[in-house]
Structure formats: C-alpha cells, structure tokens
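Chemist: I'd like to ask you about the structure that follows.
Read the figures in this text as sums done on the coordinates, not as results from a lab. In this text the structure is predicted, and so the values were computed from the model without any measurement. Glycine gets a Cβ as well: all are built from the backbone with ideal geometry, and neighbour counts include every protein chain shown.
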Amino acid sequence: MPTVLITGANRGIGLEHARQYAAKGWIVHACARRPAAADDLQALLSANPDIVQVHALEVTDHAAVDALAQRLIDVPIDVLLNNAGTFGPQGAPAGMAYQSLGNMDYDIWRDILEVNLLSPFKVAVAFHDHVAASDMKLIVNMSSGLASIKHNQGSSYAYRSSKAGLNMLTRGMAAEWSDVLVIAMAPGWCKTDLGGMDAPVETADSVRDQQALFPTLTRRDSGRFIDAHGVTVPW
Ligand SMILES: NC(=O)c1ccc[n+]([C@@H]2O[C@H](COP(=O)([O-])OP(=O)(O)OC[C@H]3O[C@@H](n4cnc5c(N)ncnc54)[C@H](OP(=O)(O)O)[C@@H]3O)[C@@H](O)[C@H]2O)c1
C-alpha cells in the first residue's frame, strides 16, 4: 500500500488525513509534537497498529526533522503532507486581533513564519528523496485561500504573509525538482481549532476531496496553487 507522512497529525485536517488514509489501508506516518497527549492519534494507532506509526515531531526543530528523515531513510513516501501550521495562539477569528495594521504582535508573527514558512521548507528538503523514491511522488504544502494576493482584502497579515511565502516556496520547488510533484493546497475554510466552528466546510469533506484529487495530479500540476477540487486559486 502507499505511504503518507503527515505533520501536525494530532488534530484538525492532519488528523482527518491520517484517519481517512488509515481507513484506506495506507501506511500512515503521523507526526505530532506531543504524541503522549495526542489521544485521537493514539486511538487511531490502537485501532490500526500494523499500518499507523506515530512520531514525535516539533517541525521548528530542524535537528528533529533530520533525525526523523534519517530514521525513515528506507521508506518511500508517496504523499508528504506538510500540514502543521498556526494562525497564532488563538486561532481564527480571535487571532486576527494581534495581526492587524493597528495591532501587530511581532513575536507572534515571527512564530507564525517559523511554523508556516521555514518549517515546511525544512521538511520538504529533508524528505525530498523519500518522496522521489515513491510511486506517487507528491509533496503537498498546506497553504490557504488567505494566501491569495489577488483576493486579499486586508487583515490577518501574519498568517497571510506566511502562506503567500509558502506558495513562493512551492513554485520554486516545482521548478527545481523534476522528480516530484509539489502543490500548494487551499483546503477551504474548515471547522478545526484553527478555522473555528463558524467555518462552512466540514474537515472530513475537504480531506475526502483532497485525497480523491491527489492521485489525479500529474507533472503539469506541479507548482500549482489549487483547492481541494483541483481548481486553481489565483496567486
Ligand atoms: N482550518 C482551516 O480553515 C484552514 C484553512 C486553510 C488552511 N489551513 C491550514 O491547514 C493546516 C492544518 O490546519 P488545521 O485547521 O487542521 O489547524 P489545527 O486544528 O489548529 O491543527 C494544527 C496542527 O498543526 C500542529 N502544529 C502547529 N505548530 C506546530 C509545530 N511547531 N510543530 C509541529 N506541529 C505543529 C498542531 O499541533 P499541536 O496540537 O501540538 O499544536 C496541530 O496538529 C495548517 O497549515 C493551516 O494553516 C487550515
């Protein structure tokens, strides 16, 4: 069966990807900062001990990223889900208060950039060879519709800039890496801790659509910014 590696797999979109891939029988490498406290992930592991592995991974810890890549050196990874991300400590919409023109918390902004921009770069580089050795060869950088410069109406400066930067990385990786596909995914506004409960999209629906989309992607899709249905999101 194919193999997926997911960062930030203990809740939200990452956990749902782990659940749905496990239900399909995929080998799931699920990463979480604190596996011992990741109850839902531990339940998934208990129910699927043969196909689910849980790894401790704080994505801003580059030595830890390298160590995990080394530990999995012989594991081809069909889909690398660069999913771990943050809107800041309070999620959305409360977190919009500290990333506005009138009130910017620069420490939080730096943290957001570290998690959403520098870390996916580190993870993609560390696991590139694992992905290139697989059949599907897909790296998914979990972006956001809020990254779209065309659609930007202001607000959420820290988060938007981090994800727009991630899109830039995606294009560069796609240009330089001809042996893998790299996409920037806008999963839709989903009901998670980050998205909040007013979000219109059920997380399970977005993940179902993403997982249906991934096997249809070809070389021509590498470097695209797309939603869960494969529709282009304007830069
Ligand atoms: N929900 C939406 O509407 C939406 C829309 C567009 C894009 N996205 C993107 O989708 C991805 C997942 O979001 P979500 O909605 O599922 O958010 P979430 O429910 O808040 O989950 C975020 C995940 O990222 C992990 N994470 C955060 N910082 C980390 C770090 N430094 N190291 C390792 N893991 C870390 C969290 O782990 P802890 O539990 O340890 O904090 C958690 O597992 C993010 O990249 C987000 O920007 C979400």
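Chemist: Full extension from ASP129 to THR218: what is 0.36 nm times the residue separation minus their Cα-Cα distance, to one decimal in nm?
Modeler: The ASP129-THR218 span can extend by a further 30.2 nm.
Chemist: Would you mind telling me the antiparallel percentage of the DSSP bridges in the chain, rounded to 5?
Modeler: Numbers: 2 of 27 bridges.
If I count the DSSP bridges inside the chain, around 5 percent turn out antiparallel.
Chemist: Quantify how much of the Cα-Cα distance distribution of the chain extends past 22 Å, in percent.
Modeler: Distances greater than 22 Å cover 49 percent of the Cα pairs.
Chemist: Let me ask something additional. What net charge do the residues around SER144 carry, taking every other residue with its C-beta under 11 Å from that of SER144, with Lys and Arg at +1 and Asp and Glu at -1?
Modeler: +1
Chemist: Still on this structure, I have one more. Most fluctuating residue of GLY95, GLY188, GLY154 in a GNM of the chain with Cα springs under 10 Å: which is it?
Modeler: GLY154
Chemist: Shifting gears a bit: What whole-number distance in Å separates the alpha-carbon centres of region 128-175 and region 33-72?
Modeler: Each part reduced to its Cα centre gives a spacing of 23 Å.
Chemist: A further question follows. So, in Å, what gap is there between the alpha-carbon centers of region 86-107 and region 109-126?
Modeler: Spelled out, the Cα-based centre of one part sits 18 Å from the other.
Chemist: Continuing with the same structure: For each of ARG110, ARG11, count neighbouring Cβ atoms within 10 Å of the residue's Cβ, then give the residues from fewest to most. Display every interim value, and only then the final one.
Modeler: On the way: ARG110 11, ARG11 17.
The most exposed by this proxy come first: ARG110, ARG11.
Chemist: Taking a ≥ b ≥ c as the square roots of the Cα gyration tensor eigenvalues, with a/c under 1.5 meaning rounded and otherwise prolate when a/b beats b/c, else oblate, which class fits region 119-174?
Modeler: It comes out prolate by the Cα gyration axes.
Chemist: Using a ≥ b ≥ c from the Cα gyration tensor of region 1-42 (square roots of the eigenvalues), is it rounded, prolate or oblate, where a/c under 1.5 gives rounded and otherwise the larger of a/b and b/c decides, a/b for prolate?
Modeler: Note, shape of region 1-42 comes out prolate.
Chemist: Sticking with this one: If r is the Cβ-Cβ distance from ALA175 to LEU101 and R0 is 25 Å, what FRET efficiency results, to the nearest 0.05?
Modeler: Between ALA175 and LEU101 the formula returns 0.15.
Chemist: Right, next: Peptides 218-225, 100-107: what's the order by average Cβ count within 10 Å, highest mean first?
Modeler: 218-225, 100-107
Chemist: Same structure again: If you count, for each residue, the other Cβ atoms within 10 Å and average over each peptide, how do 21-31, 66-76 line up from highest to lowest?
Modeler: Listed from highest to lowest mean packing, they are 21-31, 66-76.
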